[in-house]
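Here the structure comes first, spelled out in structure tokens, and everything after it is commentary.
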Amino acid sequence: MICWILRFFEKYWRSTSQFEVDLVLGTDVAVEIKGTSLVQDKHMKGLRALKEEGIHKRFIIVSLDRHVRKTADGIDTTPWETFLGKLWNKDLI
């Protein structure tokens, strides 16, 4: 199972403007990890910059938030426990 998970963690992403995204899972999912219980717009800069490239299908911020939310522009905010459960069950890709 761990090998299946690790093969999708290809790399992180950084733009020429120095925006970053922590994990890129194939060409399907981009994941930003934040140690906050209140995700705000300032935490989404990297995902939004990557989203402009039009390559990835899904954008997720994993955080200490208690609830799953979706922004107006389609970025999912997911509690870390929920994210790990979905990753383990192969429900992300």
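What follows draws every value from the coordinates through simple rules; no lab data is involved. Since the model is a prediction, treat every value here as computed from it, not as a measurement. Cβ placement follows ideal geometry from the backbone for every residue including glycine, while neighbour counts extend to all protein chains displayed.
For a 20 Å ceiling on Cα separation, which of these pairs sit above it: Lys45/Lys86; Lys57/Lys90; Lys11/Lys45; Lys45/Lys70; Lys42/Lys70; Lys42/Lys86? Too far apart for the 20 Å limit: Lys45/Lys86; Lys42/Lys86.
Share of antiparallel DSSP beta bridges in the stretch 14-69, in percent to the nearest 5? Of those bridges, close to 45 percent are antiparallel.
Between rounded, prolate and oblate, where does the stretch 2-88 land on the alpha carbon gyration tensor, with a ≥ b ≥ c its root eigenvalues, rounded for a/c under 1.5, else prolate if a/b exceeds b/c? The shape class here is oblate. Modelled spin labels at Arg66 and Lys11, positioned 7 Å past Cα toward Cβ, are 4.0 nm from each other.
Given their separation in residues at 0.36 nm each and the Cα-Cα distance between them, Trp80 and Gln40 gain 12.8 nm when the chain is fully extended.
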